[in-house]
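Engineer: I'd like to ask you about the structure that follows.
The values are calculated or read from the model by the stated rules, or taken from the named source; none is laboratory data. On a predicted model such as this, the values are computed, not experimentally measured, just so you know. Using ideal geometry, Cβ is built from the backbone for each residue, glycine included, and neighbour counts are taken over all protein chains shown.
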Amino acid sequence: MIWPLLGALLVTVLMLPMGHWQAVSVVDTQPSKLAAFEGHWEDGPVPLGIIGFVDEANGRTVALEIPGGVNLLAGDFSRTKSYPGLNSFAPEDRPPLQLTYQTYHLMILLWGAMLVIALGAWWLNRKGKLESKKGLLTLLMWAPILPMLAIQLGWAAAEVGRQPWIVWQELRTLDAISKAVPAGEVLLSLILFTAFYTLLYVAWGRVVIKFIKKGPEAVEGVE
């Protein structure tokens, strides 16, 4: 039991530097996406939001946040470097703010949840108490859904956050539409991909649940 838990813990911890590296890239190459990620309206140091809501009507963000937190993650330990806010971009050049903000922060919160679950399970297993924690064992059974959900939320934040640009400040998504591929073919491809992967997930779920219900096989001579 210890090795799967250590593996899960290691992978979860490694997400932090990798995420940091990608965030620094966004700071340098897509400042409008960064502003949308954090609901950052005015030019200046960027706070690190934990949870919140973007009030687009009044041009503000109501959030629980760490002042200058993004600056710290970007290596600006004085937290004085100024980054452009949403007000520096024309409304038509901003991504959909609420969806970008929420998907990004839900992804981060899921990472935190995975870290807490992995640490808790590893510690209880080390103390020999994990097998008695039925609730946690049930949670661990469903926990593999969390990274998959976090990945999808991350992709949503990345792709929605780049709008309206497919190449930032060079090519708009609207102008990148291929006239050689009819909309019907694009829709059909999306439907087929959705149906195929839904089928795979259902099949995977049935197999996994079958093994879980069956339980581990008893080995003769091993208690």
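Engineer: Take segment 156-195 and flag every residue that is of a type in the set (Phe, Trp, Tyr) and either in the same structural domain as Ser25 (by TED's automatic domain parsing) or surrounded by fewer than 10 Cβ atoms within 10 Å (Cβ to Cβ) (or both).
Structural biologist: Trp165, Trp168
Engineer: Continuing with this model, one more query. Any residue in segment 85-93 that is among the charged types (D, E, K, R) and in a helix (DSSP H, G or I)? Can you show your working first?
Structural biologist: Going through segment 85-93, the residues among the charged types (D, E, K, R) turn out to be 92-93.
Checking which are in a helix (DSSP H, G or I) leaves us with 92-93.
Scanning segment 85-93, I find at least one residue that is among the charged types (D, E, K, R) and in a helix (DSSP H, G or I), so the answer is yes.
Engineer: Could I ask something else about it? From the residues in segment 67-82 that are closer than 19 Å to Gln22 by Cβ and of a type outside the set (D, E, K, R), which one is surrounded by the fewest Cβ atoms within 10 Å (Cβ to Cβ)?
Structural biologist: Gly75
Engineer: Quick one: how many residues across segment 39-81 are small (Gly, Ala, Ser), outside any helix (DSSP H, G or I) and free of Cβ contacts under 8 Å to residues at least 24 places away in the same chain? Let's see the steps before the verdict.
Structural biologist: Residues of segment 39-81 small (Gly, Ala, Ser): 39, 44, 49, 52, 57, 59, 63, 68-69, 74-75, 78.
If we keep only those that are outside any helix (DSSP H, G or I) as well, we get 39, 44, 49, 52, 59, 63, 68, 74-75, 78.
Next cut, free of Cβ contacts under 8 Å to residues at least 24 places away in the same chain only: 68, 78.
Here the count works out to 2.
Engineer: Consider Gly112 carefully, then state whether it is within 22 Å of the chain's Cα centre (by Cα) and not in a helix (DSSP H, G or I).
Structural biologist: Working: within 22 Å of the chain's Cα centre (by Cα): yes; not in a helix (DSSP H, G or I): no.
No, not satisfied.
Engineer: Out of the residues in segment 158-215 that are in contact with a helix residue (DSSP H, G or I) (Cβ under 7 Å, 6 or more places away or on another chain), in a helix (DSSP H, G or I) and not small (Gly, Ala, Ser), which is farthest from Gln102 (Cα to Cα)?
Structural biologist: Ile212
Engineer: If I filter segment 91-149 down to residues being aromatic (Phe, Trp, Tyr) and more than 30 Å from Val54 (Cα to Cα), which single residue comes out as surrounded by the most Cβ atoms within 10 Å (Cβ to Cβ)? Even if it seems obvious, please write down each step before you answer.
Structural biologist: Pass one, segment 91-149, residues aromatic (Phe, Trp, Tyr): 101, 104, 111, 122-123, 142.
Okay, now just the ones that are also more than 30 Å from Val54 (Cα to Cα), so 122-123, 142.
Details: Trp122: 18, Trp123: 12, Trp142: 8.
Looking at residues that are aromatic (Phe, Trp, Tyr) and more than 30 Å from Val54 (Cα to Cα), I get Trp122.
Engineer: Take His40 and tell me if it is modelled with pLDDT of 90 or more, touching a helix residue (DSSP H, G or I) at 6+ places or on another chain (Cβ under 9 Å) and more than 25 Å from Val167 (Cβ to Cβ). First the steps, then the outcome.
Structural biologist: Values: modelled with pLDDT of 90 or more: yes; touching a helix residue (DSSP H, G or I) at 6+ places or on another chain (Cβ under 9 Å): yes; more than 25 Å from Val167 (Cβ to Cβ): no.
Spelling it out, it is not the case that His40 is modelled with pLDDT of 90 or more, touching a helix residue (DSSP H, G or I) at 6+ places or on another chain (Cβ under 9 Å) and more than 25 Å from Val167 (Cβ to Cβ).
Engineer: Oh, and also: Identify all residues within segment 115-139 that are touching a Leu at 6+ places or on another chain (Cβ under 9 Å) and not in a helix (DSSP H, G or I); write none if there are none.
Structural biologist: Passing the criteria: only Lys133.
Engineer: Do any residues in segment 82-107 that are within 23 Å of Leu153 (Cβ to Cβ) and in the same structural domain as Leu149 (by TED's automatic domain parsing) have Cβ atoms under 9 Å from those of residues that are part of a loop (DSSP other than H, G, I, E, B) and of a type in the set (S, T, N, Q), where the two are at least six apart or on different chains, and which pairs are they?
Structural biologist: Note: pairs meeting the criteria are Arg94/Gln163; Pro95/Gln163; Pro96/Gln163; Thr100/Gln163.
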